[in-house]
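Take a look at the structure set out below.
The values are calculated or read from the model by the stated rules, or taken from the named source; none is laboratory data. In this text the structure is predicted, and so the values were computed from the model without any measurement. Here the Cβ is made from the backbone with ideal geometry for all residues, glycine too, and neighbour counts use every protein chain on show.
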Amino acid sequence: MTKLRLAALAGSYNRPSRTVSLVQEIAKRAQQRYGFSTELFDLEQIGPSLNVAQGPGDLDANARRILQSLVEADLIVIGSPTYKGSYPGLFKHFIDLIDPNALRGKPILLSATGGGERHALMVEHQLRPLFGFFMASTLPTAVYASNAELTDYRVSSEGLSARIDEAVADISIFFPSLSTALAAE
Ligand SMILES: Cc1cc2nc3c(=O)[nH]c(=O)nc-3n(C[C@H](O)[C@H](O)[C@H](O)COP(=O)(O)O)c2cc1C
């Protein structure tokens, strides 16, 4: 049986990046629990053609492949750093290049990082409506991580770890057959 595919996008161009670390941890746990194949992208990988693209056709072949891989995945994990209480402009610019109908009904797990806890509702007030526009099926639990919970770019808080597990458990809502198959093993 072909494995279902998870594609993750971290909306950061920093290396190392807390957002990449968070998304990697979410993808790893989803892979362990459900057997997804996983692919992870960040803005650095998408590269400079994004900066000047006025439409998807202006992206270079590499960036177009990433966009295609993202929209065709069975499950998407989105991670965004918080900039000025919202997602970074360049991340939004990439999302702006996605066809409005390409994510209809797509399961999307939302996550974000931020310097402190003050903007923890960024996942609900910024990311969820953005993917609501696409009529995507965002998972009920979204994960926000403050810098203090990602020591040396690793999950270092039990609370964050539990929130990641909760969000990963929500994946079973959209893939009940995967959960049943695993339970039967
Ligand atoms: C331009 C800029 C604006 C930021 N604005 C906020 C903010 O409004 N709220 C917040 O909690 N953190 C803010 N931060 C901190 C980042 O969200 C935080 O350090 C994040 O984990 C960085 O992710 P990264 O390591 O993946 O790049 C900001 C950082 C930058 C560079």
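Table for the structure above
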read-out: Residue within the stretch 101-112 that is within 13 Å of the ligand (Cβ to nearest atom), touching a residue at least 24 places away in the same chain (Cβ under 8 Å) and touching a strand residue (DSSP E or B) at 6+ places or on another chain (Cβ under 7 Å) present; value: yes
read-out: Unique residue being under 16 Å from residue 27 (Cβ atoms), among the polar types (S, T, N, Q) and either in a strand (DSSP E or B) or within 14 Å of the ligand (Cβ to nearest atom) (or both) when the list is 161, 80; value: 80
read-out: Pairs with Cβ under 6 Å, 6+ apart, first in the stretch 136-147 and surrounded by fewer than 18 Cβ atoms within 10 Å (Cβ to Cβ), second part of a loop (DSSP other than H, G, I, E, B); value: 137/105; 147/115
read-out: The one condition in (1) without any contact (Cβ under 8 Å) to a residue 40 or more places away in the chain; (2) in a helix (DSSP H, G or I) that residue 40 fails to fulfil; value: (2)
read-out: Any hit, the stretch 36-44, residues being buried (at least 22 other Cβ atoms within 10 Å of the Cβ), modelled with pLDDT of 95 or more, within 29 Å of residue 152 (Cα to Cα) and more than 16 Å from the ligand (Cβ to nearest atom); value: yes
read-out: Positions within the stretch 91-111 being farther than 17 Å from residue 8 by Cβ and part of a helix (DSSP H, G or I), in sequence order; value: 92, 93, 96
